[in-house]
Amino acid sequence: MLIDRYITRAQAHAFGIVFVSLAGLTFVVDAFTNIEEFIAHGAQAGGLWRVLAGYYGCRLISFFDATSPVIALASAMFALSWLERHNELTALLAAGVTRWRIARPTLVFAAAVSLVAVANRECVLPHVRHAFTRNAQDLRGDATHPFEARYDHRTEILFRGRTARMADCRIEAPSLLLPPALAELGPQIDAAEAFWRPAAEGRPAGYLLVGVTEPADIDRLGPPPDGSPPVVLTRTAAPSLEPGQCLVASDVTFEQLIGSTNWSQYSSTPDLVRAIANPSLGVGADVPLRVHARFLAPVLDMSLTLLGIPLVVGPNRRGIFAAVGLCVAMTVVFFLVTLGCHALAAGYLLSPSLGAWLPVLVLSPLAAWRAQPMWR
């Protein structure tokens, strides 16, 4: 137990130092690159330090999610190399302590970091993902971006527009191309602007079109004659609407409509599963791939750790610098295999499930084989 506490304390200190150093270096370089934008926004948001804390606080959480497996391995290598440097590893082996017993605290620490990363990915990042839609040039979120046409696969409506603004979920100059099933409304609906509105008070979720110019008689158009739920709600079906307004029902949220990667990268796994089952969305291979990868992430994290630890405590251990160099090369190969399989799945050359499982099928047996001498 004393050995466990000693090694765990050293690894925790190393983890904190490496994480703070890497995050600090990354954020300091980015902050100095965009310092003029932060100063300009700080005059309106209560000071420069408040802006920096809010901007980089959320990104610190994302940085942990992206780097925790590598930093866990680096801290394990440091803790075990520290034993080697002070000849404590030799003394432990001479006292009859097995290599597995020495490496066990580092494996437990890496497993704990992986579980914290899972909790962060599922519970924390989904609540702050909207902060990632604003960069240093758009701290207020009021910048406009070109809008790319996108289908609602359930209603078969093609959403088109000039620009989109994330701050108020607004589309400028929307032009919706209607399917033949909505021929009674005309070929398309043109308006001055559109706003995303979630479902509330018996009203379906959808887009509120303001200043409708086509069709000109939008206020007098009624619901479908067959009694089916209307896709386009006018004043006839929803008296709360103002003249020149209509609501186009859609289960595609504004984030999904503008093609933002934040909703899939930072959404929780249950949200991703619901997106796959959403007939309006028509997700590509990247979302199922991400779901499979979420379940397999702890296995890959532990595989990475098991690939690196034998370089220090294995029977054929090398010097500290040689072990670090081999660990860096092994980490590069590890991520090349993982990212390569994911890229093949995203490009529809592999199925999403196979693209997520293939790195595990390749790297986990290799990690078990590399760690096998420690069991002796």
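The values are calculated or read from the model by the stated rules, or taken from the named source; none is laboratory data. No experiment lies behind these values; they were computed from the predicted model shown. Here the Cβ positions follow ideal geometry from the backbone for every residue, glycine too, while neighbour counts run over all protein chains shown.
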message: For a quick check of your reading of the model, give me the residue pairs whose first member lies in region 172-186 and is surrounded by 15 or more Cβ atoms within 10 Å (Cβ to Cβ), whose second is modelled with pLDDT under 80 and in a loop (DSSP other than H, G, I, E, B), with beta-carbon atoms closer than 8 Å and at least 6 apart or on different chains.
response: Leu185/Leu221
- line: Picking from Glu36, Glu84, the residue that is surrounded by fewer than 16 Cβ atoms within 10 Å (Cβ to Cβ), of a type in the set (Asp, Glu) and out of contact with any strand residue (DSSP E or B) (no Cβ under 9 Å at 6 or more places or on another chain) would be Glu36
message: Of everything in region 103-154, what is among the hydroxyl-bearing types (Ser, Thr, Tyr), out of contact with any helix residue (DSSP H, G or I) (no Cβ under 8 Å at 6 or more places or on another chain) and more than 18 Å from Arg170 (Cβ to Cβ)? Give them in sequence order.
response: Tyr151
- line: By residue number, the members of region 327-376 that are more than 25 Å from the chain's Cα centre (by Cα) and aromatic (Phe, Trp, Tyr) are Trp369, Trp375
- prompt: Can you find a residue in region 20-33 that is of a type in the set (A, V, I, L, M, F, W, C) and touching a residue at least 60 places away in the same chain (Cβ under 8 Å)?
  reply: no
- prompt: If you go through region 353-367 one residue at a time, do you hit one that is among the polar types (S, T, N, Q), surrounded by 17 or more Cβ atoms within 10 Å (Cβ to Cβ) and touching a helix residue (DSSP H, G or I) at 6+ places or on another chain (Cβ under 7 Å)?
  reply: yes
- request: Give region 122-156 a look and list any residue that's over 21 Å from the mean Cα position of the chain (by Cα), loosely packed, with under 14 Cβ neighbours inside 10 Å and free of Cβ contacts under 8 Å to residues at least 40 places away in the same chain, or say none.
  value: Asp142, Pro146, Ala149
- request: Those residues that are at pLDDT below 80, within 18 Å of Arg170 (Cα to Cα) and either basic (Lys, Arg) or surrounded by fewer than 18 Cβ atoms within 10 Å (Cβ to Cβ) (or both), I need them from region 223-260; list them, please.
  value: Gly259
task: For region 341-350, enumerate the residues that are surrounded by fewer than 20 Cβ atoms within 10 Å (Cβ to Cβ) and either among the acidic types (Asp, Glu) or touching a helix residue (DSSP H, G or I) at 6+ places or on another chain (Cβ under 7 Å) (or both).
output: Leu344, Ala346, Leu350
task: Being buried (at least 17 other Cβ atoms within 10 Å of the Cβ), under 17 Å from Ser114 (Cβ atoms) and free of Cβ contacts under 8 Å to residues at least 40 places away in the same chain narrows it down to one of Thr338, Thr331, Thr305, so name that one.
output: Thr338
field: Only one of Ala45, Ala31, Ala23, Ala72 that is surrounded by fewer than 19 Cβ atoms within 10 Å (Cβ to Cβ), touching a helix residue (DSSP H, G or I) at 6+ places or on another chain (Cβ under 9 Å), of a type in the set (A, V, I, L, M, F, W, C) and at pLDDT 90 or above
entry: Ala23
- prompt: Taking Ala103, is it assigned to a helix (DSSP H, G or I) and either without any contact (Cβ under 8 Å) to a residue 40 or more places away in the chain or in contact with a Ser or Thr (Cβ under 7 Å, 6 or more places away or on another chain) (or both)?
  reply: no
message: Criterion first (polar (S, T, N, Q), more than 21 Å from Leu349 (Cα to Cα) and in contact with a strand residue (DSSP E or B) (Cβ under 8 Å, 6 or more places away or on another chain)) does Ser267 satisfy it?
response: no
query: Between a first residue in region 72-99 that is aromatic (Phe, Trp, Tyr) and a second residue that is in a helix (DSSP H, G or I), which pairs have beta carbons less than 6 Å apart while being 6 or more apart in sequence or on different chains?
result: Phe78/Ala14; Trp82/Ala10
